[in-house]
Amino acid sequence: MQPNTKKHLLTAEETERLLAHQEVGHLATVNPEGHPYVTPVHYVYLDGKVYIHGMDAGQKVENLKRNPLVGFEIQKCGDFKISPEAKTACNVNTEYESVVITGRASFVENAARKEAVLWAIVCKYVPSLEKLPMPAASIAGTCVIEIDIESMTGKYYRQP
């Protein structure tokens, strides 16, 4: 961890709050050539794990079948701020909060757990639809990925 990072750590509560409220995360998997493959995703943070839903095909899914190790990141960025004492073009910073996670992904097979995760996603992103039915065929046909968190770091920077 970089020296400045240690001064700007979010508390566990702040980190979880940020995870609960941000809308887009970035999932990093490893492709067949060993390169990182980053995908923007909608997600939900539930019971200490990150869940992602989507189709059960595509590069993200194929990468996870080969290698379950993942990275996951979210951020909330503010505006660029110029230091009042700026003497060079390098005296610029951005206020932000971010969470960086490493973990191991798996596919949720249990129908009841899949349904619970999908309802949590509905409540987070489209709460106006939470009273509508969720057909069993839709649940069965949706891929739900669970990330077991191995490390999680929340960081921030705010102008002094």
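Of all trypsin sites (Lys or Arg not before Pro) in the range 70-114, which ones are in loop regions per DSSP and have a Cβ with at most 13 other Cβ atoms within 10 Å?
Numbers: sites: LYS76, LYS81, LYS87, ARG104, ARG113, LYS114; in loops: LYS87.
Hits after loop and neighbour filter: LYS87.
Return MET134, MET55 ranked ascending by Cβ neighbour count within 10 Å, so the fewest neighbours appear first. Write down the numbers at each step before the final one.
Numbers: MET134 14, MET55 10.
Fewest-to-most Cβ neighbours within 10 Å comes out as MET55, MET134.
Under a 5 Å amide H to amide H cut-off, with H placed in plane at 1.01 Å, what residues pair with ASP56 once short-range neighbours are removed?
Result for ASP56 returns CYS143.
At what distance in nm do the modelled label points of SER138 and ASN31 sit from each other, each positioned 7 Å from its Cα along Cα→Cβ?
According to this spin-label approximation, the distance is 3.3 nm.
Using amide H atoms built in the peptide plane, which far-off residues or other-chain residues are under 5 Å from TYR43 H to H?
GLY25
What longest region of the chain stays clear of GluC sites (Glu not before Pro) that DSSP places outside H, G, I, E and B and that have at most 16 other Cβ atoms within 10 Å?
It runs 34-84.
Hey, what do the phi angles of the range 120-136 turn into as Karplus ³J(HN,Hα) couplings, whole Hz, using 6.51/-1.76/1.60 and θ = phi - 60°, x for Gly and Pro?
5, 5, 4, 5, 6, 9, 9, x, 5, 9, 5, 8, 7, x, 10, x, 4
Please name whichever of TYR125, GLN159, LEU10 sits farthest to the positive end of the charge dipole of the chain, dipole taken about the Cα centre and charges placed at Cβ: Lys and Arg +1, Asp and Glu -1.
Farthest along the dipole direction, towards plus: GLN159.
Which of the pairs LYS76/LYS131; LYS49/LYS124; LYS65/LYS124; LYS49/LYS155 have their Cα atoms more than 24 Å apart in this structure?
On the way: LYS76/LYS131 30 Å; LYS49/LYS124 15 Å; LYS65/LYS124 27 Å; LYS49/LYS155 19 Å.
Distance filter (> 24 Å) returns LYS76/LYS131; LYS65/LYS124.
In what sequence do SER106, SER151 fall when counting other Cβ within 10 Å, fewest first?
Details: SER106 14, SER151 9.
Exposure proxy ranking, most exposed first: SER151, SER106.
In debye, nearest 20, what is the charge dipole magnitude of the range 3-157 about its Cα centre with +1 on Lys and Arg Cβ and -1 on Asp and Glu Cβ, if you could check? Show your work: numbers first, answer last.
Numbers: 16 positive and 19 negative charges, 33 e Å.
Rounded to the nearest 20 debye, it is 160 debye.
Taking a virtual spin label 7 Å from the Cα of LEU69 along the C-beta vector, which residues in the range 102-139 bring their backbone nitrogen under 11 Å of it?
From the range 102-139, the list is 103-104.
Fewest to most neighbouring Cβ within 10 Å: what's the order for VAL38, VAL24?
Taking fewest neighbouring Cβ atoms as first place, the list is VAL24, VAL38.
Starting at the first residue of the range 10-20, write each ³J(HN,Hα) from the Karplus equation 6.51 cos²θ - 1.76 cosθ + 1.60 with θ = phi - 60°, in whole Hz, x for Gly and Pro.
3J(HN,Hα) across the range 10-20, in whole Hz: 6, 6, 4, 5, 5, 5, 5, 4, 4, 4, 5.
Residue by residue through the range 38-47, which ³J(HN,Hα) values in whole Hz follow from phi under the Karplus form 6.51 cos²θ - 1.76 cosθ + 1.60 (θ = phi - 60°), with glycine and proline marked x?
Residue by residue, the range 38-47 yields 10, 10, x, 9, 7, 8, 9, 9, 9, 6 Hz.
For HIS21 and VAL38 in the same chain, what is the full-extension length gain: residue separation times 0.36 nm, less their Cα-Cα distance, in nm? It would help to have the intermediate numbers written out before the result.
Details: separation 17, 0.36 × 17 = 6.12 nm, distance 2.07 nm.
Length gained between HIS21 and VAL38: 4.0 nm.
Bear in mind that the values in this text are calculations on the coordinates, not laboratory data. Remember, it's a predicted structure, so these values are computed and weren't measured experimentally. Glycine gets a Cβ as well: all are built from the backbone with ideal geometry, and neighbour counts include every protein chain shown.
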